[in-house]
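Here the structure comes first, spelled out in structure tokens, and everything after it is commentary.
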Amino acid sequence: MGIHNAIGSQMAEALMRKRAGDRYEVYSAGVVPAPIDPLTIQVLEEAGCDMSRAYSKDFHDLISTISFSLVITVSKNIQNVYKFAPGSSMLIAWDLGEPPIDNATNEDRNALFHQLCNQIDQKLLELLNDLDAHHPRR
């Protein structure tokens, strides 16, 4: 879950789908959804993620139809929204923030997005290792 579901939360969803396959149902959403940043799509496609069906989703719409066993926030600014996710049993709060892209050159934006993508991917690998250790595959 992110603020706009335009950068970090989209990265987390796509990378988790890539890493976990069909072991988990994965969604991303934003508290105030906005269109996905085109550079997000480009960076994720470069990382081998299928972004053909990606779109920005509203957190409030998702929680009205889906019960989550795990919610990951990618911004400290929205961690208090978690209490509005009934049925969710665990929160993981990552304070990744949004890349500082205001007034950044295209080259700097590209580097910042790749850095964020790599950071999220590393956190997801650690999370999957922890989940697998506590809930081995059958």
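Among the trypsin sites (Lys or Arg not before Pro) within the range 13-47, those in coil by DSSP and having at most 14 neighbouring Cβ atoms inside 10 Å are ARG23. Counting alpha carbon pairs within less than 8 Å and at least 6 residues apart, what relative contact order, in whole percent, applies to the range 8-134? Over the range 8-134, the number comes to 27 percent.
Name the shape class, rounded, prolate or oblate, that the alpha-carbon gyration tensor gives for the range 8-134, where a ≥ b ≥ c are the square roots of its eigenvalues, rounded holds for a/c under 1.5, and otherwise prolate holds if a/b is larger than b/c and oblate otherwise. Taking the square roots of the gyration eigenvalues as a ≥ b ≥ c, the range 8-134 is prolate.
Give the shape of the range 1-67 as rounded, prolate or oblate, defined through the alpha-carbon gyration tensor: a ≥ b ≥ c are the square roots of its eigenvalues, a/c under 1.5 means rounded, and otherwise the shape is prolate if a/b is larger than b/c and oblate if not.
On the way: a/c = 2.38, a/b = 1.19, b/c = 2.00.
It comes out oblate by the Cα gyration axes.
When the chain is modelled as a GNM with alpha-carbon springs shorter than 10 Å, which of MET11, MET51, MET90 fluctuates the most? Looking only at MET11, MET51, MET90, the largest GNM fluctuation is found for MET90.
Report the extension gain between ASP50 and ALA133 in nm, rounded to one decimal, defined as 0.36 nm multiplied by the number of residues separating them, less their alpha carbon distance.
Details: separation 83, 0.36 × 83 = 29.88 nm, distance 2.74 nm.
So the extension gain works out to 27.1 nm.
Over the chain, dividing the summed -39,500 (n - 2.57) contributions of all DSSP H runs of at least 4 residues by the number of residues returns a 222 nm mean residue ellipticity of -13000 deg cm²/dmol.
Any read-out appearing in this document is the output of simple, stated calculations on the displayed coordinates, not a laboratory observation. Quick caveat: nothing in here was measured; it's all calculated off a predicted structure. Note that each Cβ is placed from the backbone with ideal geometry, even for glycine, and that neighbours are counted across all protein chains shown.
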